[in-house]
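Encoded as C-alpha cells, the structure appears first; notes follow it.
Here, each number is a calculation from the coordinates, and none is a lab measurement. No experiment lies behind these values; they were computed from the predicted model shown. Every residue, glycine as well, gets a Cβ built from its backbone with ideal geometry; the counts of neighbours run over all protein chains shown.
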Amino acid sequence: MRAGRGMLLAGALAMGLFPAALHAQAGPSKAQLANAAFVLRVMSSALQSDEVEQPVKNKLFECLYSNSVSQISGAVDKVIAANPGKVDRKDASQMLAVIAGACGYRPAATPKSAPKK
C-alpha cells in the first residue's frame with residue numbers, strides 16, 4: 001500500500017509540474033513563424049518553377065527531406081544576420097539564393113576566359 005501512495009504522490013506532483021514545464025519552453029515568435037513560412041513558400045515555389053534549374057531543385061528537396069523548416073529557416077536567419085544589408089528578405093530571388101546556399105547548393109564553377117592579347 002505504501003508503494004501505491006508513493007506512486008500516487010509522484011503522479012500528482014508530475015501532473016502539477018508538467019504544465020509548468022511546458023510553459024517554460026518558449027515557442028517560436030511571430031517573426032520566426034513568418035520568416036519560416038516565407039522560406040517554405042519560396043522553396044515550394046522554386047520546386048514548382050520551370051525557371052529554377054534541376055540541381056537547385058534537387059538540393060532544396062534533399063534539404064526539406066532531411067531538415068525541419070525551423071532548422072532551414074534558422075540557418076537562413078544566420079546567413080542574413082552575418083551579412084547585414086546584403087539580402088532583402090522580401091525579394092524571393094535573393095531569398096532563394098540564400099536558402100539554396102544554406103541547404104548546401106554550390107553552383108558549378110564557370111571557367112574563366114583567358115585574357116585577350
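Could you pull out the residue among V52, V98, V87 that is in contact (Cβ under 8 Å) with a residue 40 or more places away in the chain and out of contact with any Asp or Glu (no Cβ under 6 Å at 6 or more places or on another chain)?
Details: V98 fails: in contact (Cβ under 8 Å) with a residue 40 or more places away in the chain; V87 fails: in contact (Cβ under 8 Å) with a residue 40 or more places away in the chain.
Of V52, V98, V87, the one residue that is in contact (Cβ under 8 Å) with a residue 40 or more places away in the chain and out of contact with any Asp or Glu (no Cβ under 6 Å at 6 or more places or on another chain) is V52.
Can you find, within the stretch 39-90, the residue that is surrounded by the most Cβ atoms within 10 Å (Cβ to Cβ) among those that are of a type in the set (S, T, Y) and part of a loop (DSSP other than H, G, I, E, B)? Working first, answer last.
Quick first cut of the stretch 39-90, residues of a type in the set (S, T, Y) only: 44-45, 49, 65-66, 68, 70, 73.
Next, only the ones that are part of a loop (DSSP other than H, G, I, E, B) stay: 49, 68.
Numbers: S49: 12, S68: 10.
This residue is S49.
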